[in-house]
Amino acid sequence: MFIRKKVSTNPSNGKVYTYYQLVESRKIEKGSRSFVILYLGSLDISRDEQKIISSLLNHRIAGLGRVARFSDKIEELAEQIYLKYMRTVSEKQEDEPEQSALGRICFTRESVEMGQYRSVGAELIGMHYWKSLKFDQILEECSFTKRDRELARAVILGRLISPGSERHTLGWFHRQSCLFEFSRALQNGVRKDSFYRVCDRLHANKDRIEAKVRENLKLFYGLVDRVYLYDLTNTYFEGSMLKAELCKRGKSKEKRSDCPLVTLALVVDQDGFPVYSKIYRGNQSEPETLKHVISEIYDFQDDVVSKTIKPSIVMDRGIATKENIAYLRKLGCSYFVIERRNQVDDYRDEFDDIESFELHES
(Lines give C-alpha, C1' and ligand atoms only; values in the text may rest on other atoms or scores of the structure.)
Protein backbone atom coordinates (compact mmCIF):
# COMPACT_ATOMS: atom_id res chain seq x y z
CA MET A 1 0.00 0.00 0.00
CA PHE A 2 1.36 3.39 -0.97
CA ILE A 3 0.43 7.05 -1.49
CA ARG A 4 0.27 8.17 -5.12
CA LYS A 5 0.36 11.73 -6.42
CA LYS A 6 -2.02 12.62 -9.26
CA VAL A 7 -2.09 15.72 -11.45
CA SER A 8 -5.09 16.65 -13.59
CA THR A 9 -5.93 19.62 -15.78
CA ASN A 10 -9.34 21.20 -16.17
CA PRO A 11 -9.93 21.36 -19.96
CA SER A 12 -12.29 24.34 -19.68
CA ASN A 13 -9.93 26.76 -17.90
CA GLY A 14 -6.58 24.97 -18.04
CA LYS A 15 -6.19 24.99 -14.24
CA VAL A 16 -3.94 22.26 -12.84
CA TYR A 17 -5.05 20.29 -9.79
CA THR A 18 -2.84 18.10 -7.59
CA TYR A 19 -4.24 15.49 -5.25
CA TYR A 20 -3.18 12.25 -3.56
CA GLN A 21 -4.59 8.75 -3.39
CA LEU A 22 -4.02 5.77 -1.10
CA VAL A 23 -3.42 2.88 -3.48
CA GLU A 24 -3.09 -0.87 -3.00
CA SER A 25 -1.51 -3.30 -5.49
CA ARG A 26 -3.36 -6.57 -5.94
CA LYS A 27 -2.58 -9.62 -8.03
CA ILE A 28 -5.12 -10.57 -10.67
CA GLU A 29 -5.17 -13.21 -13.40
CA LYS A 30 -3.32 -11.02 -15.91
CA GLY A 31 -0.69 -9.70 -13.47
CA SER A 32 -1.16 -6.96 -10.91
CA ARG A 33 -3.37 -3.92 -10.74
CA SER A 34 -3.52 -0.82 -8.52
CA PHE A 35 -6.79 -0.16 -6.69
CA VAL A 36 -7.61 3.21 -5.14
CA ILE A 37 -8.55 2.75 -1.47
CA LEU A 38 -8.91 6.38 -0.39
CA TYR A 39 -8.90 9.81 -1.99
CA LEU A 40 -6.77 11.99 0.28
CA GLY A 41 -7.22 15.37 -1.42
CA SER A 42 -4.40 17.90 -1.57
CA LEU A 43 -1.49 17.37 0.84
CA ASP A 44 1.45 19.64 1.57
CA ILE A 45 4.13 16.94 1.58
CA SER A 46 7.39 16.30 -0.22
CA ARG A 47 8.34 13.15 -2.13
CA ASP A 48 10.37 11.85 0.82
CA GLU A 49 7.54 12.57 3.29
CA GLN A 50 5.19 10.73 0.95
CA LYS A 51 7.37 7.60 1.19
CA ILE A 52 7.71 7.87 4.98
CA ILE A 53 3.95 8.17 5.51
CA SER A 54 3.36 5.17 3.22
CA SER A 55 5.83 3.13 5.27
CA LEU A 56 4.19 4.19 8.57
CA LEU A 57 0.77 3.18 7.26
CA ASN A 58 2.00 -0.26 6.19
CA HIS A 59 3.57 -0.81 9.63
CA ARG A 60 0.38 0.23 11.43
CA ILE A 61 -1.90 -1.89 9.26
CA ALA A 62 0.38 -4.93 9.62
CA GLY A 63 0.44 -4.49 13.40
CA LEU A 64 4.21 -3.99 13.50
CA GLY A 65 6.05 -1.91 16.11
CA ARG A 66 7.45 1.56 15.56
CA VAL A 67 11.06 1.68 14.40
CA ALA A 68 11.65 5.46 14.44
CA ARG A 69 10.11 8.82 15.40
CA PHE A 70 9.34 11.53 12.86
CA SER A 71 8.10 15.12 12.93
CA ASP A 72 4.68 16.04 14.38
CA LYS A 73 3.46 16.87 10.89
CA ILE A 74 4.24 13.40 9.52
CA GLU A 75 3.00 11.57 12.65
CA GLU A 76 -0.35 13.41 12.70
CA LEU A 77 -0.92 13.08 8.95
CA ALA A 78 -0.15 9.34 9.02
CA GLU A 79 -2.53 8.94 11.97
CA GLN A 80 -5.36 10.76 10.16
CA ILE A 81 -4.94 8.65 7.00
CA TYR A 82 -4.81 5.46 9.08
CA LEU A 83 -8.06 6.33 10.87
CA LYS A 84 -9.79 7.08 7.54
CA TYR A 85 -8.54 3.75 6.19
CA MET A 86 -9.82 1.81 9.22
CA ARG A 87 -13.26 3.48 8.95
CA THR A 88 -13.43 2.65 5.25
CA VAL A 89 -12.52 -1.00 5.88
CA SER A 90 -15.06 -1.35 8.70
CA GLU A 91 -17.83 0.22 6.58
CA LYS A 92 -17.10 -2.17 3.71
CA GLN A 93 -17.23 -5.15 6.08
CA GLU A 94 -20.61 -4.02 7.40
CA ASP A 95 -21.99 -3.71 3.84
CA GLU A 96 -20.83 -7.20 2.76
CA PRO A 97 -23.47 -9.96 3.16
CA GLU A 98 -22.70 -12.58 5.74
CA GLN A 99 -21.48 -15.82 4.14
CA SER A 100 -21.92 -19.25 5.63
CA ALA A 101 -18.75 -21.27 6.20
CA LEU A 102 -18.36 -24.47 4.22
CA GLY A 103 -16.40 -27.39 5.62
CA ARG A 104 -14.07 -27.21 8.61
CA ILE A 105 -11.53 -24.48 9.34
CA CYS A 106 -8.44 -25.60 11.21
CA PHE A 107 -6.08 -23.32 13.09
CA THR A 108 -2.60 -23.98 14.40
CA ARG A 109 -0.81 -21.89 16.95
CA GLU A 110 1.88 -21.03 14.41
CA SER A 111 -0.70 -19.77 11.89
CA VAL A 112 -2.40 -17.27 14.21
CA GLU A 113 -1.05 -13.73 14.38
CA MET A 114 -2.25 -10.90 16.60
CA GLY A 115 -2.67 -7.48 15.01
CA GLN A 116 -4.71 -4.29 15.45
CA TYR A 117 -5.59 -5.20 19.03
CA ARG A 118 -6.61 -2.72 21.72
CA SER A 119 -6.78 -3.03 25.50
CA VAL A 120 -10.29 -3.11 26.93
CA GLY A 121 -10.32 -4.31 30.56
CA ALA A 122 -8.97 -1.27 32.41
CA GLU A 123 -10.94 1.07 30.13
CA LEU A 124 -14.26 -0.61 30.94
CA ILE A 125 -13.56 -0.33 34.67
CA GLY A 126 -12.59 3.32 34.23
CA MET A 127 -15.76 4.10 32.26
CA HIS A 128 -17.86 2.34 34.90
CA TYR A 129 -16.55 4.65 37.62
CA TRP A 130 -16.66 7.63 35.26
CA LYS A 131 -20.40 7.05 34.97
CA SER A 132 -20.90 6.14 38.65
CA LEU A 133 -19.17 9.33 39.85
CA LYS A 134 -21.15 11.40 37.30
CA PHE A 135 -18.13 12.99 35.64
CA ASP A 136 -20.14 13.98 32.56
CA GLN A 137 -22.65 15.95 34.65
CA ILE A 138 -19.84 17.62 36.61
CA LEU A 139 -18.01 18.68 33.45
CA GLU A 140 -21.24 19.80 31.81
CA GLU A 141 -21.83 22.14 34.76
CA CYS A 142 -18.34 23.54 34.02
CA SER A 143 -19.47 24.32 30.41
CA PHE A 144 -17.60 21.41 28.78
CA THR A 145 -19.07 20.39 25.40
CA LYS A 146 -19.55 16.73 24.48
CA ARG A 147 -16.24 16.74 22.59
CA ASP A 148 -14.49 18.39 25.56
CA ARG A 149 -15.93 15.78 27.94
CA GLU A 150 -14.67 12.93 25.78
CA LEU A 151 -11.25 14.60 25.57
CA ALA A 152 -11.21 14.96 29.35
CA ARG A 153 -12.17 11.30 29.77
CA ALA A 154 -9.35 10.23 27.45
CA VAL A 155 -6.81 12.35 29.36
CA ILE A 156 -7.93 11.30 32.85
CA LEU A 157 -8.28 7.58 32.12
CA GLY A 158 -5.06 7.68 30.11
CA ARG A 159 -3.16 9.04 33.11
CA LEU A 160 -4.60 6.24 35.26
CA ILE A 161 -4.08 3.36 32.82
CA SER A 162 -0.94 4.41 30.94
CA PRO A 163 0.70 7.36 32.75
CA GLY A 164 2.64 9.77 30.55
CA SER A 165 2.63 13.13 28.82
CA GLU A 166 -0.16 14.45 26.62
CA ARG A 167 1.81 13.26 23.58
CA HIS A 168 2.09 9.77 25.07
CA THR A 169 -1.65 9.79 25.93
CA LEU A 170 -2.52 10.74 22.35
CA GLY A 171 -0.60 7.74 20.98
CA TRP A 172 -2.12 5.43 23.61
CA PHE A 173 -5.62 6.68 22.79
CA HIS A 174 -5.25 6.24 19.02
CA ARG A 175 -3.25 3.02 18.82
CA GLN A 176 -3.61 0.98 22.01
CA SER A 177 -6.89 1.67 23.80
CA CYS A 178 -10.49 0.71 23.04
CA LEU A 179 -11.49 4.08 24.48
CA PHE A 180 -11.19 5.45 20.95
CA GLU A 181 -14.09 3.21 19.87
CA PHE A 182 -16.32 4.66 22.62
CA SER A 183 -15.50 8.31 21.82
CA ARG A 184 -17.85 9.15 18.98
CA ALA A 185 -17.05 12.87 18.98
CA LEU A 186 -13.32 12.17 18.54
CA GLN A 187 -13.37 9.62 15.73
CA ASN A 188 -12.76 12.24 13.06
CA GLY A 189 -9.31 12.72 14.55
CA VAL A 190 -7.79 14.62 17.45
CA ARG A 191 -4.41 16.35 17.82
CA LYS A 192 -2.24 16.77 20.86
CA ASP A 193 -3.07 20.49 21.10
CA SER A 194 -6.64 19.50 21.97
CA PHE A 195 -5.29 17.42 24.86
CA TYR A 196 -3.19 20.36 26.08
CA ARG A 197 -6.20 22.71 25.98
CA VAL A 198 -8.56 20.37 27.82
CA CYS A 199 -5.91 19.80 30.52
CA ASP A 200 -5.73 23.57 31.01
CA ARG A 201 -9.52 23.72 31.38
CA LEU A 202 -9.53 20.83 33.85
CA HIS A 203 -6.92 22.63 35.96
CA ALA A 204 -8.88 25.90 35.79
CA ASN A 205 -11.96 24.09 37.18
CA LYS A 206 -10.00 21.80 39.53
CA ASP A 207 -11.54 22.94 42.82
CA ARG A 208 -15.13 22.56 41.64
CA ILE A 209 -14.48 19.21 39.92
CA GLU A 210 -12.56 17.86 42.92
CA ALA A 211 -15.31 18.86 45.38
CA LYS A 212 -18.10 17.37 43.25
CA VAL A 213 -16.21 14.11 42.68
CA ARG A 214 -15.59 13.84 46.43
CA GLU A 215 -19.28 14.44 47.13
CA ASN A 216 -20.35 11.75 44.63
CA LEU A 217 -17.68 9.37 45.92
CA LYS A 218 -19.03 9.67 49.47
CA LEU A 219 -22.55 8.90 48.25
CA PHE A 220 -21.38 5.98 46.09
CA TYR A 221 -19.41 4.27 48.87
CA GLY A 222 -21.32 5.62 51.87
CA LEU A 223 -18.18 7.30 53.21
CA VAL A 224 -18.04 9.35 56.39
CA ASP A 225 -15.08 11.65 57.07
CA ARG A 226 -13.48 10.29 60.24
CA VAL A 227 -9.78 10.80 59.58
CA TYR A 228 -7.85 13.20 57.33
CA LEU A 229 -4.23 12.35 56.58
CA TYR A 230 -2.40 15.49 55.47
CA ASP A 231 1.11 15.78 54.10
CA LEU A 232 3.19 17.76 51.60
CA THR A 233 6.02 16.94 49.27
CA ASN A 234 7.81 18.74 46.46
CA THR A 235 9.19 17.97 43.04
CA TYR A 236 11.79 19.72 40.92
CA PHE A 237 12.21 21.00 37.36
CA GLU A 238 15.53 20.76 35.58
CA GLY A 239 14.83 23.87 33.47
CA SER A 240 15.22 27.46 34.66
CA MET A 241 11.39 28.04 34.82
CA LEU A 242 11.94 31.82 34.98
CA LYS A 243 8.37 32.73 33.98
CA ALA A 244 6.64 30.16 36.21
CA GLU A 245 4.99 31.79 39.24
CA LEU A 246 4.95 28.62 41.35
CA CYS A 247 8.47 27.40 40.60
CA LYS A 248 10.70 28.68 43.40
CA ARG A 249 13.91 27.44 44.97
CA GLY A 250 13.72 25.84 48.40
CA LYS A 251 14.66 22.71 50.31
CA SER A 252 14.15 19.72 48.03
CA LYS A 253 12.99 16.42 49.53
CA GLU A 254 14.69 14.69 46.60
CA LYS A 255 18.05 16.36 47.37
CA ARG A 256 17.72 18.69 44.35
CA SER A 257 17.75 22.10 45.99
CA ASP A 258 19.74 23.35 42.98
CA CYS A 259 16.54 23.22 40.90
CA PRO A 260 13.28 25.22 41.03
CA LEU A 261 10.55 23.40 42.95
CA VAL A 262 6.79 23.19 43.39
CA THR A 263 5.11 21.95 46.57
CA LEU A 264 2.29 19.39 46.39
CA ALA A 265 -0.28 19.12 49.20
CA LEU A 266 -2.68 16.18 49.52
CA VAL A 267 -5.42 15.18 51.95
CA VAL A 268 -6.78 11.62 51.96
CA ASP A 269 -9.41 10.01 54.16
CA GLN A 270 -9.20 6.89 56.34
CA ASP A 271 -9.83 4.68 53.29
CA GLY A 272 -7.14 6.31 51.17
CA PHE A 273 -9.54 8.23 48.91
CA PRO A 274 -8.40 11.75 47.97
CA VAL A 275 -10.20 14.64 49.66
CA TYR A 276 -8.27 17.72 48.55
CA SER A 277 -5.13 18.64 46.62
CA LYS A 278 -3.24 21.85 46.06
CA ILE A 279 -0.07 23.04 44.33
CA TYR A 280 1.95 25.68 46.20
CA ARG A 281 5.14 27.57 45.53
CA GLY A 282 8.38 25.66 45.87
CA ASN A 283 9.46 27.77 48.86
CA GLN A 284 6.08 27.52 50.62
CA SER A 285 6.19 27.22 54.43
CA GLU A 286 4.45 23.91 55.18
CA PRO A 287 2.89 24.86 58.56
CA GLU A 288 1.19 27.89 56.98
CA THR A 289 -0.81 25.66 54.61
CA LEU A 290 -2.89 23.79 57.21
CA LYS A 291 -5.45 26.53 57.95
CA HIS A 292 -5.90 27.25 54.25
CA VAL A 293 -6.41 23.58 53.35
CA ILE A 294 -8.89 22.83 56.15
CA SER A 295 -10.93 25.97 55.46
CA GLU A 296 -11.14 25.23 51.73
CA ILE A 297 -12.27 21.66 52.37
CA TYR A 298 -15.20 22.95 54.40
CA ASP A 299 -15.94 25.83 52.00
CA PHE A 300 -16.39 23.47 49.04
CA GLN A 301 -18.72 21.09 50.89
CA ASP A 302 -22.38 21.63 49.97
CA ASP A 303 -23.76 19.09 52.45
CA VAL A 304 -24.66 20.71 55.78
CA VAL A 305 -24.06 17.44 57.65
CA SER A 306 -20.53 17.17 56.25
CA LYS A 307 -19.74 20.67 57.48
CA THR A 308 -20.58 19.66 61.07
CA ILE A 309 -18.33 16.56 61.12
CA LYS A 310 -14.92 17.17 62.68
CA PRO A 311 -12.51 14.43 61.52
CA SER A 312 -9.24 13.66 63.25
CA ILE A 313 -6.22 15.21 61.55
CA VAL A 314 -3.09 13.08 61.06
CA MET A 315 -0.06 15.21 60.20
CA ASP A 316 3.70 15.30 60.24
CA ARG A 317 5.61 16.84 63.12
CA GLY A 318 6.74 19.76 60.96
CA ILE A 319 3.14 20.93 60.44
CA ALA A 320 2.13 20.59 64.11
CA THR A 321 3.18 24.05 65.30
CA LYS A 322 1.66 25.65 68.41
CA GLU A 323 -0.50 27.90 66.24
CA ASN A 324 -1.84 24.95 64.21
CA ILE A 325 -2.54 22.87 67.31
CA ALA A 326 -4.45 25.80 68.83
CA TYR A 327 -6.38 26.23 65.55
CA LEU A 328 -7.43 22.56 65.48
CA ARG A 329 -8.52 22.65 69.12
CA LYS A 330 -10.58 25.76 68.46
CA LEU A 331 -12.12 24.05 65.44
CA GLY A 332 -13.01 21.00 67.55
CA CYS A 333 -10.80 18.53 65.65
CA SER A 334 -8.71 15.90 67.39
CA TYR A 335 -5.27 15.30 65.93
CA PHE A 336 -2.41 12.83 65.66
CA VAL A 337 1.21 13.91 65.24
CA ILE A 338 4.00 11.73 63.92
CA GLU A 339 6.77 11.60 66.54
CA ARG A 340 10.22 10.90 65.14
CA ARG A 341 11.66 9.87 68.51
CA ASN A 342 11.06 6.30 69.74
CA GLN A 343 8.77 6.68 72.80
CA VAL A 344 8.07 3.00 73.44
CA ASP A 345 9.93 3.05 76.76
CA ASP A 346 7.98 6.12 77.95
CA TYR A 347 4.61 4.35 77.67
CA ARG A 348 5.56 0.68 78.13
CA ASP A 349 4.02 0.44 81.61
CA GLU A 350 0.74 2.02 80.51
CA PHE A 351 0.32 -0.50 77.67
CA ASP A 352 0.93 -3.41 80.01
CA ASP A 353 -2.30 -2.57 81.86
CA ILE A 354 -4.74 -3.19 79.00
CA GLU A 355 -7.81 -2.90 81.26
CA SER A 356 -7.26 0.84 81.64
CA PHE A 357 -7.96 1.42 77.93
CA GLU A 358 -11.34 2.67 76.68
CA LEU A 359 -12.84 1.46 73.40
CA HIS A 360 -13.98 4.18 70.96
CA GLU A 361 -16.04 3.11 67.96
CA SER A 362 -15.19 4.87 64.70
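The values are calculated or read from the model by the stated rules, or taken from the named source; none is laboratory data. All figures in this text were calculated on a predicted structure; none of them were measured in a lab. Backbone-built Cβ (ideal geometry, glycine too); neighbour counts: all protein chains shown. Remember, those area values only see protein heavy atoms, side chains included, never the ligands or the DNA or RNA. Shrake-Rupley method; radii C 1.70, N 1.55, O 1.52, S 1.80 Å.
Quick one: which residues, 5 or more positions from I313 or on another chain, have an amide H under 5 Å from its amide H? H modelled 1.01 Å from N in the peptide plane, none for Pro or chain starts. The answer is Y228, S334, Y335, F336. Of the cross-linked pairs K212/K307; K131/K218; K6/K27; K192/K218, those separated by over 24 Å at the C-alpha level are K192/K218.
The alpha-carbon positions of the range 172-300 define a convex hull whose volume is 173 Å³ per residue. Just G164, G222, G318 to compare: in a GNM of the chain, with alpha carbon springs under 10 Å, which one fluctuates most? Result: G222 has the largest fluctuation of those listed. Compared with the dominant Cα axis of the chain, that is its longest principal axis, helix 72-95 is turned about 70°.
In a DSSP loop and with at most 15 other Cβ atoms within 10 Å, the GluC sites (Glu not before Pro) in the range 261-362 are E288, E339, E358, E361. Residues K30, K192 ordered from highest to lowest accessible area at a 1.4 Å probe: K30, K192. Under the combined filter of DSSP loop state and at most 11 neighbouring Cβ atoms within 10 Å, the range 4-73 retains these GluC sites (Glu not before Pro): E29. Annotation note: trypsin sites (Lys or Arg not before Pro) in the range 269-340 located in DSSP loop regions with a Cβ neighbour count of at most 14 within 10 Å are R317, R340. Rounded to the nearest Hz, the phi-derived 3J(HN,Hα) couplings of the range 258-274 under the Karplus curve 6.51 cos²θ - 1.76 cosθ + 1.60 (θ = phi - 60°) are 7, 10, x, 10, 10, 9, 10, 10, 9, 10, 10, 8, 5, 9, x, 7, x, where x marks glycine and proline. Here the dipole of the chain is about 2400 debye; that uses its Cα centre as origin and unit charges on the Cβ of Lys and Arg (positive) and Asp and Glu (negative). Rolling a 1.4 Å probe over the heavy atoms of the protein chains gives the chain an accessible area of 67 Å² per residue. Surface composition of the range 271-320: carbon and sulfur make up 52 percent of the accessible area, probe 1.4 Å. Rounded to the nearest 10 degrees, the angle from helix 146-161 to the longest Cα principal axis of the chain is 70 degrees. In degrees between 0 and 90, to the nearest 10, how far off the longest principal axis of the chain does helix 322-331 point, with axes built from Cα atoms? Around 90 degrees separate the two axes.
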